1. Report, in degrees rounded to the nearest 10, the 0 to 90 angle that the Cα long axis of helix A:27-36 makes with the longest principal axis of chain A.
2. Find the percent of Cα-Cα distances in the stretch B:13-132 that exceed 21 Å, and round it to a whole number.
3. If the only charges are +1 at each Lys and Arg Cβ and -1 at each Asp and Glu Cβ, what is the size of the charge dipole of the stretch B:13-132 around the Cα centre, to the nearest 20 debye?
4. Answer with one residue from B:Thr70, B:Gly106, B:Pro20: the one whose Cα lies farthest towards the positive end of the charge dipole of chain B, charges on Cβ with Lys, Arg +1 and Asp, Glu -1.
5. All other residues with a Cβ under 14 Å from the Cβ of B:Lys48 taken together, and with Lys, Arg as +1 and Asp, Glu as -1, what is their net charge?
6. Could you work out the relative contact order of chain A, using alpha carbon pairs under 8 angstrom and six or more residues apart, expressed as a whole percent?
7. Over 19 Å between Cα atoms: which of A:Lys31/B:Lys28; B:Lys28/B:Lys48; A:Lys16/A:Lys114; A:Lys16/A:Lys72; A:Lys142/B:Lys125 fall into that group?
8. Just the C-alpha atoms of the stretch B:1-75: what Rg/Rh do they give, with Rh taken as the Kirkwood radius?
Amino acid sequence: MEVLGGGQVLQNVIGKTSEKVRNTVERGMVKRFAEAIGDPHPVFVDEEAGRDSRYGRNIAPPTFPRVFDYGKIEGLGLPDKGLIHGEQTYHYTRPLLVGEDVFCWSEVESYKEKQGSNGRMGILTICRYGESLDGTGIFVEKQVIILTEAVMKGMGI
Amino acid sequence: MKQLEELQVGESLEEITLAPVSRLDLIKYAGASGDFNPIHTIDEEAEKAGLPGVIAHGMWTMGNLAKLFTPYYDAGFIQEYKIRFAGMVFLDDVLTLRAELEEKKGTALHFRMKAVNQDGNEVVKGRVEFLLM
């Protein structure tokens, strides 16, 4: 088997996607999440307030998609420690509704290496998607992860 | 509370100052989000990672910052929310959340967002596009 050198390990997963996973915007999880960010507003947690809102039901906070399962991207073996979260973006076409099912998947958008003042670093961008069961896009999440030199060495990069 | 439609460029939403960050806040967020990276909850693990102590999840701060808009979901929703994690948040830090209207583009309101700690340092910064419906 060929041993890949340099950032080749990550270059090879650019554009790769995970399988789609069906998730549910669960009422209990939305409530717990809203409480954990100190925002248990009726629009998120109170059924009657949700019914009376312009959305006709409760919605989820914008950073809630954190809890979904986005499947596994084959070949993308990131360590569970030592990664630095650099940036995070959400784009929505509408709020997520409590109780709805969402298909979620992820994709490696890009990987670049830079020489910084603290040595080499890798910059990995992962996109995560959520769409309704009829295939309409609801949100796109973009996450920029910084790999320090120590992390890169640990991965054999 | 002022309606979002009436807000002028250069004006801000009413800022929120959070209670000092506690370990329980971070344990709760770990449980609610599923992010159990121990540098956010266990001192020894944070120290092993070269940190002086546990740090808040960046997403905890980003999640908190969005609540400046929660009272306005009857007027529209957050179409775009972009954040850069600029500094670390430690236990007992006191964060103030701010959103300043930067531009109006049709029905989209562009806000400059930041969370600032007790020393005046920006720990997260970015922007929100709020779409009026």
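1. Approximately 70 degrees, to the nearest ten.
2. Details: 2914 of 7140 pairs.
I get 41 percent for the Cα pairs in the stretch B:13-132 exceeding 21 Å.
3. Values: 13 positive and 18 negative charges, 83 e Å.
That gives the stretch B:13-132 a dipole magnitude of about 400 debye.
4. Positive-most Cα among the choices belongs to B:Gly106.
5. On the way: positive: A:Lys81; negative: A:Asp80, B:Asp43, B:Glu44, B:Glu45, B:Glu47.
Within the 14 Å Cβ shell, the charges total -4.
6. Numbers: 311 pairs, mean separation 43.0, N = 157.
Once divided by the residue count of chain A, the mean separation gives 27 percent.
7. Details: A:Lys31/B:Lys28 12 Å; B:Lys28/B:Lys48 22 Å; A:Lys16/A:Lys114 22 Å; A:Lys16/A:Lys72 10 Å; A:Lys142/B:Lys125 16 Å.
Result: B:Lys28/B:Lys48; A:Lys16/A:Lys114 exceed 19 Å.
8. On the way: Rg = 16.5 Å, Rh = 14.6 Å.
On the Cα set of the stretch B:1-75, Rg over Rh gives 1.13.
Throughout, read-outs are computed from the coordinates displayed, never taken from laboratory work. Quick caveat, the model's predicted, so the values are computed rather than measured. Cβ sites come from the backbone with ideal geometry, for glycine too, and all protein chains shown count toward neighbours.
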